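**Q** Take a look at the following structure, please.
Each reported figure results from applying straightforward, stated rules to the coordinates on display, with no laboratory input. Keep in mind that what you see is a predicted model, and the values were worked out from it rather than measured. Glycine also receives a Cβ, built like all others from the backbone with ideal geometry; neighbour counts cover every protein chain displayed.
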Amino acid sequence: MNWDSVRNFFTTAGVDLLRGLVALAIGLFLVHWVMKLFERYEAKMKLEPTLRGFIKNLIRILLYVIVIMTAANTMGIPMTSIITLFGSAGVAISLAMQGALGNLIGGFILLLFKPIKAGEYVKIGDNEGSVKSIGAFYTELVTIDNRLVHLPNGSLTNTAIVNFTREGTRRLDLTFSVGYESDMDQVYEVLDRVVSDEKALLKDPAPTVNLLKCGDSSLDFTVRVWVNASDYWPVYFRMLDNGKRALDKAGINIPYPQMDVHMK
């Protein structure tokens, strides 16, 4: 190998490298421009915010892969080699990140079948709260006491999900215990008045007040009413407070657990 051949090689390689860098710069600029265009029109798309964010990240990743492959091909690297390299890297990464890939697939499933949406109040396993966002790998849940919980998407697809918001209404069950010596008709009258005084209750299905069971030391009455899902907790605490006050005002005893012992 003489000097001229070495110089020709580096001259040709330098030109290919320069062309590749120019292609890379132009490609990155186009990616930035396309994402800005997407952000401008994404609000007009009739898609959920979580789905829009997921699609946006996916488009960005795909565009970056295309730009890198195009720049490498411009430098003179055969496309078959590039595809082989990406394939080998993909296999290695998939083996090293099985959990992350499971979360990614779980994210696709959540966005496809939509068992939960942003803003809905749900219970997932031991966690309960409002869905903040569904990301590519994790779902964010905000609890009642304002704690942010990150749940892996992969586990969500194998866990029972209770959605309290989707149907729009919820049944509220309250139990009031009174002594055995209490006048049952009076108890019904007091609890019916508590129900009628609550303005946030739905008329259909109609509220009910029933004797639930005869306990060891008390008669347990259940109040079952229907409310809008967003009113559940305010109505729950308000009716519980009003029920206790109304029973006390009527002189109806709310007993503590007790046991009678007979000695021979």
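**Q** Taking 1 over the mean of 1/r across every pair of different Cα atoms in region 169-249, what Kirkwood radius in Å do you get?
**A** Working: mean 1/r = 0.0776 Å⁻¹.
Final number for the Kirkwood radius of region 169-249 is 12.9 Å.
**Q** Sort the following peptides by mean Cβ neighbour count (other Cβ atoms within 10 Å, averaged over residues), highest first: 118-124, 22-28.
**A** Numbers: 118-124: 17.6, 22-28: 15.1.
My ranking of the peptides, most packed first, is 118-124, 22-28.
**Q** Separate question: Can you work out the Karplus-derived ³J(HN,Hα) for every residue in region 203-220? Use 6.51 cos²θ - 1.76 cosθ + 1.60 with θ = phi - 60°, whole Hz, and x for glycine or proline.
**A** Calculated HN-Hα couplings, in order: 6, 10, x, 6, x, 9, 10, 9, 6, 7, 6, 9, x, 5, 9, 7, 9, 9 Hz.
**Q** Further question on the same structure: Run through every distinct alpha carbon pair of region 116-163 and return the Kirkwood hydrodynamic radius in angstroms, one decimal place. Write out the running numbers ahead of the final one.
**A** Working: mean 1/r = 0.0962 Å⁻¹.
This gives a value of 10.4 Å.
**Q** Within 10 Å, count the other beta carbons around each residue, average over each peptide in 219-231, 136-148, and list them highest first. Please report the intermediate quantities before stating the final value.
**A** Numbers: 219-231: 17.8, 136-148: 14.4.
In descending order of packing, they fall as 219-231, 136-148.
**Q** Output wanted: per-residue J couplings in Hz (rounded whole) for region 128-144, from phi through Karplus 6.51 cos²θ - 1.76 cosθ + 1.60, θ = phi - 60°, x for Gly and Pro.
**A** With the stated coefficients, region 128-144 comes to 9, x, 9, 6, 8, 7, 10, x, 5, 10, 10, 10, 9, 10, 9, 6, 4 Hz.
**Q** In what order do PHE164, PHE29 fall by count of nearby beta-carbon atoms within 10 Å, going from fewest to most?
**A** Values: PHE164 15, PHE29 11.
In increasing order of surrounding Cβ atoms, one gets PHE29, PHE164.
**Q** Provide SER218, SER196, SER133 in ascending order of the number of other Cβ atoms located within 10 Å of each residue's Cβ, fewest first.
**A** Details: SER218 21, SER196 10, SER133 15.
Listing SER218, SER196, SER133 from fewest to most nearby Cβ atoms yields SER196, SER133, SER218.
**Q** Separate question: Amide H of TRP226: which non-local residues (sequence gap of 5 or more, or other chain) have their own amide H closer than 5 Å, using H built in the peptide plane?
**A** Close amide H contacts, sequence-distant or interchain: LEU172, LEU202.
**Q** Taking the highest mean first, how do the peptides 210-217, 68-75 order by number of other beta carbon atoms within 10 angstrom per residue? If you can, show how the numbers build up before the last one.
**A** Details: 210-217: 11.5, 68-75: 17.5.
Going by the mean number of other Cβ atoms within 10 Å, highest first, we get 68-75, 210-217.
**Q** Identify, among GLY243, TRP226, GLY215, the residue whose Cα sits farthest towards the positive end of the charge dipole of region 201-250, taking +1 on the Cβ of Lys and Arg and -1 on the Cβ of Asp and Glu, with the dipole about the Cα centre.
**A** Comparing the listed Cα positions along the dipole, GLY243 ranks first.
**Q** Here is a further query. Between ASP204 and ARG40, what is the spin-label point distance in nm, taking each point 7 Å from the Cα along the Cα→C-beta axis?
**A** With each label placed 7 Å out from Cα toward Cβ, I get 4.9 nm.
**Q** Then there's this: Any chance you could run the full-extension gain for ASP248 through LEU30? It's 0.36 nm times the residue separation minus the Cα-Cα distance, nm to one decimal. Can you show the working numbers first?
**A** On the way: separation 218, 0.36 × 218 = 78.48 nm, distance 7.26 nm.
Length difference between fully extended and current span is 71.2 nm.
**Q** So how do TRP233, TRP33 line up by other beta-carbon neighbours within 10 Å, fewest first? Walk me through the intermediate numbers first.
**A** On the way: TRP233 14, TRP33 10.
Least to most surrounded, the residues fall as TRP33, TRP233.
**Q** Using Cα-Cα distances under 8 Å and only pairs 6 or more residues apart, what relative contact order does region 169-249 have, in percent?
**A** Details: 113 pairs, mean separation 35.6, N = 81.
Computed over region 169-249, the figure is 44 percent.
**Q** Might you report the magnitude of the Cβ-based charge dipole of region 169-249 about its Cα centre, with Lys and Arg at +1 and Asp and Glu at -1, to the nearest 20 debye?
**A** Details: 11 positive and 14 negative charges, 78 e Å.
Using Cβ point charges on Lys, Arg, Asp and Glu, region 169-249 gives about 380 debye.
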